[in-house]
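Reading through the structure tokens given below for one structure.
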Amino acid sequence: MRAVLVGIDFGKGDFRASLDELALLSSSAGAEPAAAVTGKRASPDPALFVGSGKAEEIRETLGDLGADIVIFNHALSPAQQRNLERRLQVRVVDRTSLILDIFAQRAQSHEGKVQVELAQLQHLATRLVRGWTHLERQKGGIGLRGPGETQLETDRRLIGERVKMLRSRLDKLQRQRLTQRRARERNHTFSVSLVGYTNAGKSTLFNNMTKAGVYAADQLFATLDTTSRRVHLGEAGNIVVSDTVGFIRELPTQLVAAFRATLEETVHADLLLHVVDAASPVRDEQMEQVNAVLREIGADHIPQILVWNKIDLAGLEPAVERDEYDKIRRVFVSAQTGAGIDLLRAAIAEFA
């Protein structure tokens, strides 16, 4: 599936990096980014998000490349999406739907699948309600009486029922998780959570530390389900290390809500290892995005050790950096080659 990517620069943040991220997201979802159409605007166009001239440019690009899908680096309103699809005659996907789609492909555990479906249904519900308003406004008329509205009511009710069912199932899973966590707390097991931007190397680091064999790949959102393992740290005894879902800028709100449970582990950890891709040119911005989500889920009070990962790509050496109070602030490692992992284990043991 060949895709034309569309990014509009509204003068906020690092536009280039955001577009590169969209290309990575698209590949992760199984589309091949064939071209990117970019432009500058002060604010989105209410009808098409982009101006009609830009829409024409997208249409020509589609024709030239024989591409069959358009992916926007922005959230589109249902009306904008509909108007664009009419104009371009191909499927138009926005950033939110794209991320939901990747999550749907990647979810492995029962809990992950329930969370994704819940997020997708909530997203779909907003599309349904507005999708039919043009019929509702005319209240009947030839060919519009009946099924249009009743069908909408049925769809809405079915989605509502399914959402309710999924929510109660999630509650049950969260209660189970709570029971497991309480058992850990009773045994006073020191718990560590890996957090970080998507593709920073959390799972590779997790595998290196715990020999767990968790799926790790150079793609966005390779991990969706929290995995926890016991690790023995010499004199510090046993600790529990958890790998969590990666964070990303402008994560769809439905997903933040749905993945609360997955991120719950993070909120109850004794220590966060904030894994940073040391080789990324936008690492500072990525760290800020992660800290913003941590604030959102109430985990910003938990002590952090920054793990500067991928030092082999950044041309750095394994090291430990301390602050003026001799507390460990940063550990430089390469999860891929294993360099500096012993320093990290010692740092965790010292903290514990």
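The values are calculated or read from the model by the stated rules, or taken from the named source; none is laboratory data. Note that the structure is predicted; figures quoted are calculated from it, not measured. Cβ sites come from the backbone with ideal geometry, for glycine too, and all protein chains shown count toward neighbours. Note: areas computed on protein heavy atoms with side chains; ligands, DNA, RNA excluded. Shrake-Rupley method; radii C 1.70, N 1.55, O 1.52, S 1.80 Å.
Out of all the residues in the range 22-41, which are open to solvent by 40 Å² or more (accessible area, probe 1.4 Å) and either in a loop (DSSP other than H, G, I, E, B) or more than 19 Å from Lys12 (Cβ to Cβ) (or both)?
Leu24, Ser27, Gly30, Glu32, Pro33, Arg41
The rows are residues; the columns are (1) more than 15 Å from Thr210 (Cα to Cα); (2) of a type outside the set (S, T, N, Q); (3) within 26 Å of the chain's Cα centre (by Cα); (4) in a loop (DSSP other than H, G, I, E, B).
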{"residue": "His301", "(1), (2), (3), (4)": "yes, yes, yes, yes"}
{"residue": "Leu306", "(1), (2), (3), (4)": "yes, yes, yes, no"}
{"residue": "Leu313", "(1), (2), (3), (4)": "yes, yes, yes, no"}
{"residue": "Leu316", "(1), (2), (3), (4)": "yes, yes, no, yes"}
{"residue": "Glu321", "(1), (2), (3), (4)": "yes, yes, no, no"}
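Are there any helices (runs of 4 or more DSSP H) wholly within the range 197-281 with 2 or more residues that are at pLDDT 85 or above, and if so which? Steps first, answer last, please.
Working: elements: 202-210, 253-258, 260-267.
Helices (runs of 4 or more DSSP H) meeting the threshold: 202-210.
Looking only at the range 54-71, decide whether some residue is in a loop (DSSP other than H, G, I, E, B), under 17 Å from Val4 (Cα atoms), among the hydrophobic types (A, V, I, L, M, F, W, C) and at pLDDT 90 or above.
Filtering the range 54-71 down to residues in a loop (DSSP other than H, G, I, E, B) leaves 66-68.
Subsequent filtering for residues that are under 17 Å from Val4 (Cα atoms) retains 66-68.
Okay, now just the ones that are also among the hydrophobic types (A, V, I, L, M, F, W, C), so 67.
Now narrow it down to the ones that are at pLDDT 90 or above: none.
Among the residues of the range 54-71, not one is in a loop (DSSP other than H, G, I, E, B), under 17 Å from Val4 (Cα atoms), among the hydrophobic types (A, V, I, L, M, F, W, C) and at pLDDT 90 or above, which makes the answer no.
Looking at the range 2-20, I want the residues that are in contact (Cβ under 8 Å) with a residue 60 or more places away in the chain and within 11 Å of Ala36 (Cβ to Cβ) and have a partner that is in a helix (DSSP H, G or I) and open to solvent by less than 20 Å² (accessible area, probe 1.4 Å) with Cβ atoms under 6 Å, at least 6 apart or on another chain. Which pairs are those?
So the pair list comes out as Ala3/Ser26; Val4/Leu62; Leu5/Leu22; Gly7/Leu19.
Residues in the range 42-50: is at least one outside any helix (DSSP H, G or I), surrounded by 21 or more Cβ atoms within 10 Å (Cβ to Cβ) and on the phi > 0 side of the Ramachandran plot?
Yes, the range 42-50 contains a residue that is outside any helix (DSSP H, G or I), surrounded by 21 or more Cβ atoms within 10 Å (Cβ to Cβ) and on the phi > 0 side of the Ramachandran plot.
Name the residues in the range 40-71 that are touching an Asp or Glu at 6+ places or on another chain (Cβ under 7 Å) and in contact (Cβ under 8 Å) with a residue 24 or more places away in the chain, would you? Please lay out each step first, then the result.
Step one: filter the range 40-71 for residues touching an Asp or Glu at 6+ places or on another chain (Cβ under 7 Å), giving 40, 51.
Lys40 - this is the single residue of the range 40-71 that is touching an Asp or Glu at 6+ places or on another chain (Cβ under 7 Å) and in contact (Cβ under 8 Å) with a residue 24 or more places away in the chain.
Taking Ala319 as the residue in question, decide whether it is surrounded by 19 or more Cβ atoms within 10 Å (Cβ to Cβ), modelled with pLDDT of 90 or more and farther than 22 Å from Ser228 by Cα.
When the stated conditions are applied, Ala319 does not pass them.
For the condition buried (at least 16 other Cβ atoms within 10 Å of the Cβ), in a strand (DSSP E or B) and basic (Lys, Arg), what is the one hit in Arg330, Arg345?
Details: Arg345 fails: in a strand (DSSP E or B).
Going through Arg330, Arg345 in turn, the sole match is Arg330.
I'm trying to understand the selection: among the residues of the range 87-107, which are of a type in the set (D, E, K, R) and either at pLDDT 90 or above or in contact with a Leu (Cβ under 9 Å, 6 or more places away or on another chain) (or both)?
Across the range 87-107, the qualifying residues are Arg87, Asp94, Arg95, Arg106.
Does Ala31 qualify as being under 15 Å from Asp94 (Cα atoms) and touching a residue at least 24 places away in the same chain (Cβ under 8 Å)? First the steps, then the outcome.
Details: under 15 Å from Asp94 (Cα atoms): yes; touching a residue at least 24 places away in the same chain (Cβ under 8 Å): yes.
Answer is yes for this residue.
Of everything in the range 82-95, what is surrounded by 22 or more Cβ atoms within 10 Å (Cβ to Cβ) and either touching a Gly at 6+ places or on another chain (Cβ under 6 Å) or part of a helix (DSSP H, G or I) (or both)? Give them in sequence order.
If the condition is that a residue be surrounded by 22 or more Cβ atoms within 10 Å (Cβ to Cβ) and either touching a Gly at 6+ places or on another chain (Cβ under 6 Å) or part of a helix (DSSP H, G or I) (or both), then Leu84, Arg95 are the ones that fit.
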